[in-house]
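Visitor: A single structure is presented below for examination.
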Amino acid sequence: MLIVVVYRRVGPRTSAPLPRWSFAPVGAVGSFLSALAGSVGPLMAPFFLGFGLVKGAYIGTEAMTAVVMHATKVVVYGTTDLMTIKSVGVGLLLGAVMVAGTYLGKRVVDRVSEKTFVRLIEVVLVVAGLYLLIAG
């Protein structure tokens, strides 16, 4: 993640976004890693930014990929008796909190410029990358 942010800042500037077909292999790897690690949002962020997604498009795409990945997990975990009533309750509670957070987050995102949005995402990537280096 740190290398991606540095490359985005000092690497060659290209005006062409990533091709759409590149999302299939990126999504497959991301889904596999999500099954192993739980969340891959920071790992997917550079690809979304590389495609030119910002603000609402970025957040919406990230949200949709999360829905697909987590719905798949619910089906798999539910059919293998790995999901309990307690975990379903916690999931529903977290879902409600996420809906409220999404509503409030959209109000904030609508007020920032695209440039500021990209910088915020890059700051999050740097923090996540440093955390993985230090904690890992």
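Visitor: How many of the residues making up the stretch 25-53 are at pLDDT 80 or above, surrounded by 16 or more Cβ atoms within 10 Å (Cβ to Cβ) and among the aliphatic types (A, V, I, L, M)?
Guide: Count: 5.
Visitor: Here is a further query. Out of Phe32, Phe51, which single residue is closer than 24 Å to Thr116 by Cα and aromatic (Phe, Trp, Tyr)?
Guide: On inspection, the qualifying residue turns out to be Phe51.
Visitor: Return the pairs, sorted by first residue and then second, in which the second residue is at pLDDT 70 or above, the first residue lies in the stretch 3-19 and is in a loop (DSSP other than H, G, I, E, B), the beta carbons are less than 8 Å apart, and the residues are 6+ apart or on different chains.
Guide: What qualifies is Pro17/Gly50; Pro17/Phe51; Pro17/Gly52; Leu18/Phe47; Leu18/Gly50; Leu18/Phe51.
Visitor: Being farther than 14 Å from Ala66 by Cβ and in a helix (DSSP H, G or I) is the filter here; which residues of the stretch 99-117 pass it?
Guide: Selection gives Ala100, Tyr103, Leu104, Lys106, Arg107, Val108, Val109, Glu114, Lys115, Thr116, Phe117.
Visitor: With the condition kept exactly as written, say whether any residue in the stretch 70-85 is surrounded by 12 or more Cβ atoms within 10 Å (Cβ to Cβ), within 22 Å of Ser34 (Cβ to Cβ), in contact (Cβ under 8 Å) with a residue 24 or more places away in the chain and under 14 Å from the mean Cα position of the chain (by Cα).
Guide: No, the stretch 70-85 has no match at all.
Visitor: Identify, please: which residue in the stretch 78-98 is part of a helix (DSSP H, G or I) and more than 20 Å from Val67 (Cβ to Cβ) and is, among those, modelled with the highest pLDDT?
Guide: Lys86
Visitor: Select from the stretch 30-77 the residues that are of a type in the set (A, V, I, L, M), touching a Gly at 6+ places or on another chain (Cβ under 9 Å) and assigned to a helix (DSSP H, G or I) and list them in ascending order.
Guide: Passing the criteria: Leu43, Met44, Ile59, Ala66, Val68, Met69, Val74.
Visitor: Here's something else I'd like to know. Going by what's in this entry, would Gly105 be described as exposed (fewer than 15 other Cβ atoms within 10 Å of the Cβ), in contact with a helix residue (DSSP H, G or I) (Cβ under 8 Å, 6 or more places away or on another chain) and not aliphatic (A, V, I, L, M)?
Guide: Yes; evaluated as a whole, the condition is true for this residue.
The values are calculated or read from the model by the stated rules, or taken from the named source; none is laboratory data. What you see is a predicted model; the values in this text were computed from it and never measured. Using ideal geometry, Cβ is built from the backbone for each residue, glycine included, and neighbour counts are taken over all protein chains shown.
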